[in-house]
Amino acid sequence: MTATTVVRRAVVDPAPLTATAARHLHAEWTKLRTVPGTWWLLCVAVLVMAGVGAGTVSSVSAEHCQSAAACHEDTVKLSLTGIWLGQAVAAVLGALAMTAEFGTGTVLATFTAMPRRSGVLAAKAVVLAGLTAVAGTAGVLLSLLAGRLILPGNGFTEAAGYPPASLADGPTLRAAAGTVLIMVLVSLLALGLAAMLRDTAGTLTAALALLYLAPLFKTAIPDDRWVHRLDRWAPMPAALSIQATKDLDRLAIAPWPGLGVLAIYAGAALAAGAVVLHARDV
């Protein structure tokens, strides 16, 4: 074996890169799991999603319609209404995953031990996405369970055209998986903003403005064309189309492309965050 062969094998050998990635992931997992606030936030996300969903389906009744079928309610989407508050908790978790280190100054030790700042950000994103996905899945399952238990008592029975929500049903599975992905993408959006802003309050202000201002503006805009544009291109109205299981032809944007809009925002935030991390001294 010649020296040239050894050099070539060393260059293409993925083992060092794999080991580095594993160290990054282990470090970020250790940080997040040892912070008490992480587990509290994850539990709050689950409880908020399930509680708001249960409250929403409890408040809906077929008594005010000529028949339950005439209500035309999307009961799956109603059950998943908790995403409106759950996403805020995901944004807080995403922000703290980055800004907590800047606030305490421990980020200096992190960047000293792991000089590849893009690798640090990527590891944070992977660990954060995994934890958020677990919490989102638990929240979605409890929300759908609440809908199955509560809605029949309010007149939305299988005989009336409202079968119990089941993940074996394609549209319901899409809505459930899409809701989990919304939680993940929102946490990554906040992580990217935190990498840019390095301040918890500023990050949360920017993230919550991106998520909630467009739905608020819709109520004040008289022009239907602009309302339609907001529904297509604002991150949250577009992403929420993934939850629809009825009247899909009335949506401003199809379910998966709508979720893709939020993914673009999250990806852009992470990319910008990576650039800022490299550009600054600390």
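Bear in mind these aren't lab numbers, they're just calculated from the coordinates by the rules spelled out. Note that this is a predicted model, so its numbers are computed, not measured. Glycine also receives a Cβ, built like all others from the backbone with ideal geometry; neighbour counts cover every protein chain displayed.
A compact table of results
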{"quantity": "Residue of 221, 83, 182 that the Gaussian network model of the chain assigns the largest fluctuation, springs spanning Cα pairs under 10 Å", "calculated": "221"}
{"quantity": "Folded to 0 to 90 degrees: helix 117-150 orientation relative to the chain principal axis, Cα", "calculated": "20"}
{"quantity": "Crossing angle, helix 36-59 versus the chain [Cα axis fit, 0-90 degrees, rounded to tens]", "calculated": "20"}
{"quantity": "Rounded FRET efficiency, nearest 0.05, which uses the C-beta distance separating residue 233 from residue 20 and R0 of 35 Å", "calculated": "0.40"}
{"quantity": "Separation of alpha-carbon centers, the stretch 43-115 and the stretch 127-152, rounded to whole Å", "calculated": "10"}
{"quantity": "Sites residue 205 and residue 275 - FRET efficiency at Förster radius 22 Å, r taken between beta-carbons, to 0.05", "calculated": "0.55"}
{"quantity": "Residues with amide H under 5 Å from that of residue 61, placed H, sequence gap 5 or more", "calculated": "none"}
{"quantity": "FRET efficiency, residue 246 to residue 141 (Cβ-Cβ, R0 25 Å, nearest 0.05)", "calculated": "0.75"}
{"quantity": "Qualifying lysines (Cα of each under 16 Å from Cα of residue 31; at least 8 residues distant if same chain)", "calculated": "124"}
{"quantity": "Candidates 77, 246, 124, ranked by Gaussian network fluctuation over the chain, Cα under 10 Å, top entry", "calculated": "246"}
{"quantity": "Compactness of the chain, expressed as Rg and Dmax over alpha-carbon positions, Å", "calculated": "21.9, 85"}
{"quantity": "Summed side-chain charge close to residue 233 - residues other than residue 233 whose Cβ falls under 14 Å, Lys, Arg +1, Asp, Glu -1", "calculated": "+3"}
{"quantity": "Positive minus negative residues near residue 254 (Lys, Arg vs Asp, Glu; Cβ under 13 Å)", "calculated": "0"}
{"quantity": "Choice from 40, 233, 29 with maximal GNM fluctuation in the chain (Cα, 10 Å cutoff)", "calculated": "40"}
{"quantity": "Hull volume in cubic angstrom per residue (convex hull over the Cα atoms of the stretch 123-275)", "calculated": "139"}
{"quantity": "In sequence order, calculated HN-Hα J values of the stretch 18-28 (Karplus, 6.51, -1.76, 1.60; Hz; x Gly/Pro)", "calculated": "5, 5, 5, 4, 5, 5, 4, 5, 5, 5, 5"}
{"quantity": "Distance (nanometres) between label positions extended 7 Å along Cα→Cβ at residue 111 and residue 35", "calculated": "1.7"}
